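*Asks:* Provided herewith is a single structure, encoded as structure tokens, for subsequent inquiry.
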Amino acid sequence: MPKPLPATQEHAYRLEESIDRFVADVGVEFNKLYNLQTRNEAEMRAYKEESRAERREMNRQWGELANKLGTLVEDLVYPSLQRVLCETFGHDFDSIFARIWHRLPDGRSKEFDAYAISADLAVVNSTKATLRSADVDRMVDEIAAFREFVPAQAHLPVVGILATLSVHESVLNYAERMGFLVLAVGDQVLEVKNRPGFVPKRW
């Protein structure tokens, strides 16, 4: 029969066993933590790669959008123009043209973003992605060009409409002083941004 261990020796033996179990348990938990960290790092690398790919795709799409912006804005204007004109002037317009070229006998040509014709009024539209004061100034030349390049309608009074995605208040105020209607994106795709009661100038 084995001789009983002294109390201090038995205590030391149990303590050693406890330490061995603790070390083993810590080793298991450490391995779990290491594997989790390794997996997280792999997932993070995959996430970063995916984010970079998404960023590249977004940049590509923004580039394509910027490249198309010149036609995109007109695509917003044309479908809204009949509604805006009817609301503003109280009647439908017989003809609305978008992105139309006119050529004079001397060979000069001119493209208009859009214009509309009724029995007693012509409306000429110039569309800009970003509307600036210089664009407001050029609208006067656009109206003069309309009379020159569309002589069949030269007898009609002309209203100028500037359309844009958004407009700064200072530019809007300047356009109003010049007598132009201003359209920008709103609740109904495009809406008149002039103050209530504004009456556009007839050139």
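*Asks:* Consider L131 against the criteria (1) crowded, with 19+ Cβ neighbours inside 10 Å; (2) of a type in the set (A, V, I, L, M, F, W, C); (3) at pLDDT 95 or above; (4) out of contact with any Pro (no Cβ under 9 Å at 6 or more places or on another chain): it satisfies all of them except one. Which criterion is unmet?
*Replies:* For L131, the failing item is (3).
*Asks:* Just one of (1) free of Cβ contacts under 8 Å to residues at least 40 places away in the same chain; (2) part of a strand (DSSP E or B) trips up F93, so point out which.
*Replies:* (2)
*Asks:* Give all pairs with beta carbons closer than 8 Å in which a residue from the stretch 185-203 that is assigned to a loop (DSSP other than H, G, I, E, B) meets a residue that is loosely packed, with under 13 Cβ neighbours inside 10 Å and modelled with pLDDT under 80; count only pairs at least 6 apart in sequence or on separate chains.
*Replies:* If the second residue must be loosely packed, with under 13 Cβ neighbours inside 10 Å and modelled with pLDDT under 80, the pairs left are K193/G186.
*Asks:* Going by the conditions given, is P196 of a type outside the set (D, E) and crowded, with 16+ Cβ neighbours inside 10 Å?
*Replies:* Taking the combined requirement at face value, the residue does not satisfy it.
*Asks:* What number of residues in the stretch 98-131 are assigned to a loop (DSSP other than H, G, I, E, B), aliphatic (A, V, I, L, M), free of Cβ contacts under 8 Å to residues at least 60 places away in the same chain and under 21 Å from L190 (Cα atoms)?
*Replies:* 1
*Asks:* Continuing with this model, one more query. Name the one entry in D92, D75, D141, D120 that is farther than 19 Å from G179 by Cβ, over 27 Å from the mean Cα position of the chain (by Cα) and of a type outside the set (G, A, S).
*Replies:* Of D92, D75, D141, D120, the one residue that is farther than 19 Å from G179 by Cβ, over 27 Å from the mean Cα position of the chain (by Cα) and of a type outside the set (G, A, S) is D92.
*Asks:* So Y47 fits all but one of (1) within 30 Å of L162 (Cα to Cα); (2) loosely packed, with under 12 Cβ neighbours inside 10 Å; (3) at pLDDT 65 or above; what number is the exception?
*Replies:* Answer for Y47: the failing condition is (1).
The values are calculated or read from the model by the stated rules, or taken from the named source; none is laboratory data. Being a predicted model, the structure only gives us computed values, none of them experimental. Here the Cβ is made from the backbone with ideal geometry for all residues, glycine too, and neighbour counts use every protein chain on show.
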